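The values are calculated or read from the model by the stated rules, or taken from the named source; none is laboratory data. Small disclaimer: the values here were computed from a predicted structure and weren't measured. Counting neighbours? That spans all protein chains shown, and the Cβs are built from the backbone with ideal geometry, glycine included.
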Amino acid sequence: MKCLHLSCTFVQVRTTSTADNADLPDAAIAINYGHDLLWVMNPICYSRTSKNMFKTIARSLLLIATFTLCQAALADDTSKRPLFFFLLIHDDVKETSDERLAEDYFAWLIKDLESFTDRRVHLQFVRNVPDVTDFQYKNENTDQTYAAWRSEINQYLIDQNLPHNGTNKYLLLTQNKLNASTLGFATPNGHTGIASLETFTAPAHELGHMLGGTHELAEVIYKGGWWCETNLVATRQSVRANCYVYSDKNKQKIVANLSEYP
C-alpha cells in the first residue's frame, strides 16, 4: 500500500490515438502510475472482433482495478504534506542494521506522530558520507558544536540538492553523548540536530524540538502503576519509564507549528 499511496497521488490520464502506439486501438487511455505507464482501453471505443474484444475486456478490467486500488489508497491518504526524517548515522554507531534502528528508536515515534499530525512520516537512513557522518561531535561547548554541525549539514544539503523546509529534518545519530551531560541538541523549529543513541528517546526528543515542541510542555505521567516521561522532558531520570509519546500540550504545539506547511 505504500507504493500505491505514493503513486496514486500523481495519476494522470490522457487520450492518445494509434499513432502513439500501433498496438493500441483509437482513443486508448494512458495512466501515469508512478514511473510506469499503464495503457488501458477507453470503454467508449471498442472493436466487435473476438480478438479485440478480449483485449477490450482485459484492458477495461485493468482500468477498473487500477482506479479501485487508487481509491483504496487515497481513502487512507492524508492531504497534508508528509514528514521526512533524514537520519545520518555517525561512523561510530555500532548498530549496522537500519531496520533494527528503525524498530528500536523510531517505529513507536512514527506511530505517535502519525496519530496526531495526520501526516505520513518517512525515514531515510544515510551512512558513510565524508565530513558528515564522521563529524567530530564531542565537545564541552555545545553551541560551538552546533554551529560547526549546521555548517556541515547545510553544505551537504546544497551538494545533494535536498530541501530545507519545515517538513524535512536532518538528524545526526551518534553512539555516544556529546559530553558528560548532553545527549543531543536541536533548536526550536530548526531543520537539524544531533542525538545520541544512549537512550531510546533522545532522537524523538530532538526531533520534537525541531517540530516545535518544548521542555515546558512536557509531562511526567502516572500510568500502568508507575511514572513515565513524555519525549520532551528536560532531564531524563532512569528511575522513570518512557511514555514513548509526546504530551498532549506538545502535540497541540507541534500540530500548530506544522499548520504552516499544509
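Some notes on this structure:
- Residues satisfying the stated conditions in segment 226-262, i.e. among the aromatic types (Phe, Trp, Tyr) and either closer than 16 Å to Leu83 by Cα or in contact (Cβ under 8 Å) with a residue 60 or more places away in the chain (or both): Tyr244, Tyr246, Tyr261
- If the condition is being in contact with a Phe, Trp or Tyr (Cβ under 9 Å, 6 or more places away or on another chain) and at pLDDT 95 or above, then segment 222-238 contributes Cys228, Thr230, Asn231, Leu232.
- Among (1) in the same structural domain as Asp92 (by TED's automatic domain parsing); (2) farther than 22 Å from Asn168 by Cβ, the one test that Trp226 misses: (1)
- Filtered by the rule that a residue be in contact with a helix residue (DSSP H, G or I) (Cβ under 9 Å, 6 or more places away or on another chain), assigned to a loop (DSSP other than H, G, I, E, B) and either over 17 Å from Leu258 (Cβ atoms) or touching a residue at least 40 places away in the same chain (Cβ under 8 Å) (or both), segment 178-191 gives Leu178, Leu183, Thr187, Asn189.
- All conditions in (1) touching a His at 6+ places or on another chain (Cβ under 6 Å); (2) within 22 Å of Asn128 (Cβ to Cβ); (3) loosely packed, with under 14 Cβ neighbours inside 10 Å hold for Gln155, with the sole exception of (1).
- Of everything listed in (1) more than 19 Å from the chain's Cα centre (by Cα); (2) free of Cβ contacts under 8 Å to residues at least 24 places away in the same chain, the single unmet condition for Gln160 is (1).
- Within segment 137-162, being in a loop (DSSP other than H, G, I, E, B) and closer than 25 Å to Ser97 by Cβ holds for Tyr137, Lys138, Leu162.
- For segment 208-255, a residue qualifies if it is charged (D, E, K, R) and either closer than 16 Å to Asn189 by Cα or not in a loop (DSSP other than H, G, I, E, B) (or both), and the qualifying residues are Glu216, Lys223, Glu229, Asp248, Lys249, Lys251, Lys253.
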